[in-house]
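Here is the structure we will look at.
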Amino acid sequence: MNSTGLLIRGTELDGRLRADVRVTGGTIAEIAPGLTRRSGEVVLDARGGALLPGLCDHHLHLHALAAHASSVPCGPPDVADASGLADALAGAMGDEHGWVRGVGYVETVAGDLDADALDRLHPDRPVRIQHRSGALWMLNGAAMAVLGLARGHHPGIERDRHGAPTGRLWRADDWLRTRLPRSRPPDLAPVGARLAALGITAVTDATPDLDATAIEAVTDAMASGALRQRVQLLGVPVGWRPPPEKRTPSAGPYKIVLADSALPGLDALTTRIAETHAHGRAVAVHCVTREALLLLLAAFADAGTLRGDRIEHAALVPAESVPTLAGLQLRVVTQPGFLAHRGDDFLRDVPEAEHGDLYRCRSLVEAGVPLVPSSDAPYGPLDPWAVISAAAARRTPSGRSVGPAERMSTAGALAGYLSDLSDPGGPVRRIRLGATADLALLRVPRAVALSGPSSDHVRATIIGGAVAWDAGAMCG
């Protein structure tokens, strides 16, 4: 598409300049006022709207996003109580194997779900429901029987005092995939289209321990054009190398999960980090509790750090840990969107003395820590403009304030989305000659977009010089 080139007329650059931008061969070829249209060139009339580098979401889960679209919502705002959950499961369409897949469950709906509780709600078909955190699956009796859970061997299989499985699986996605009926990987084309409509041109998939099938599915979607975005994978094996095709995912830092229910020993974690570094690969460590953070900082102090090492989430950061984190030259990929999504739950469940430690932003940036907001979609809100707003407002769904001293400016939050996929929190990418033409064109000037961030401002998205999404702005 757009093999003859693209001319963007009358766009705002860097919040002040007004110019035309010519894209040729996938790169920015000319920037000047009043450029003459070439024969066959596609024209996009910006009408003074800002032209930005395409946004990068530095932490999401592609296949979970695709599966989420065909799953039944099992939590707020769609489902509020046990009766509503029973109705949602009864009305759900099963997959080709008859399974019902639910997502977004939280205990305020019907308490701690196990197989007995689910059988009271829906015993007839195999059901698996994912907790809103993504860390837990809950199965009914029919699902347990199909999976052979009583004979299963995985540390995440929760058992009662008699050794019988309860139907709750903690961080056992890899085991679960081997037991579920074989299905085709979910279609990533709708995910790519949704990302493009938000101005996102590159993503980091933060799913740990990706198997060959999942990696191949992403590679094939990129090669076919179903997934237009550039993709970095954290969950590929340490020694993985991308295939030689032109459009393939890249390997990011290696994903390590510090599971809250079973933290490793300091020596084991230090060794794992050091061994990954020995292969020349940085690490990206899932870390959501104070205990996990203190363990991780101690492990980095022993193992040393490598450029690119990053902490995923950093949901609770004590003030006294900020200088240590900065001194280790780590970067943080966090999700302030959770405050707007489930902040009232945090304020209820986290001790009041720790409310200021939740999803810190400003204090980390001021300490010199490279920090970027991201989505963690589908477990958090995908819309980057909503995340930017949440980083600046830090308000819960009920309007309560969470750590107001940690607010970021909307410009600072946007800067994180404009940093390179391989360097989150690094320099903001610029519209410049010779740069790859991954671009987001807004309907409004930058200042207007920052005063009220909204995905409605996105007018067109260009990836590799080709229009991946547009709202009817093209002509000629």
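No value in this document is a laboratory result; all are computed from the given coordinates. Worth saying up front: this structure is predicted, and the values here are computed from it rather than measured. Here Cβ is always computed from backbone atoms with ideal geometry, including for glycine, and neighbour counts include all displayed protein chains.
Data table
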quantity: Exposure proxy ranking, count of Cβ atoms within 10 Å, fewest first, for I273, I157; calculated: I157, I273
quantity: Separation between Cα centres of region 322-339 and region 140-161, rounded to whole Å; calculated: 37
quantity: Relative contact order computed over region 71-179 (Cα-Cα under 8 Å; 6+ residues apart), in percent; calculated: 22
quantity: Full-extension gain in nm, R241 to A80, via 0.36 nm per residue minus C-alpha separation; calculated: 53.4 nm
quantity: Protection proxy ranking of 432-443, 210-221, 56-67, 189-200 - average other beta-carbon atoms within 10 Å, highest first; calculated: 56-67, 189-200, 432-443, 210-221
quantity: Helix-derived mean residue ellipticity, 222 nm - over the chain, DSSP H n ≥ 4, -39500 (n - 2.57), to 500; calculated: -8000 deg cm²/dmol
quantity: Between region 14-32 and region 390-427, the alpha-carbon center distance in angstrom; calculated: 28
quantity: Percent of beta bridges antiparallel (DSSP, the chain, rounded to nearest 5); calculated: 50
quantity: Difference of contour (0.36 nm per residue) and Cα-Cα distance, R18 to T108; calculated: 27.2 nm
quantity: DSSP beta bridges in region 71-179 [antiparallel fraction, %, rounded to 5]; calculated: 55
quantity: Length added when fully stretched, T27-E354, from 0.36 nm per residue minus Cα-Cα; calculated: 113.0 nm
quantity: Computed FRET value (nearest 0.05) for E291 with A471, which takes r as the C-beta separation and R₀ as 51 Å; calculated: 0.65
quantity: Label-point separation, A164 to E366 (7 Å along Cα→Cβ), nm; calculated: 5.6
quantity: Sorted by Cβ neighbour density within 10 Å, fewest at the top, the residues D160, D420; calculated: D160, D420
quantity: Sorted by Cβ neighbour density within 10 Å, fewest at the top, the residues W385, W99; calculated: W99, W385
quantity: Positive-end residue, the chain charge dipole about Cα centroid, Cβ charges, pick of P381, F346, L121; calculated: P381
quantity: Projected label distance in nm at A447 and T36, using a 7 Å step from Cα toward the beta-carbon; calculated: 3.5
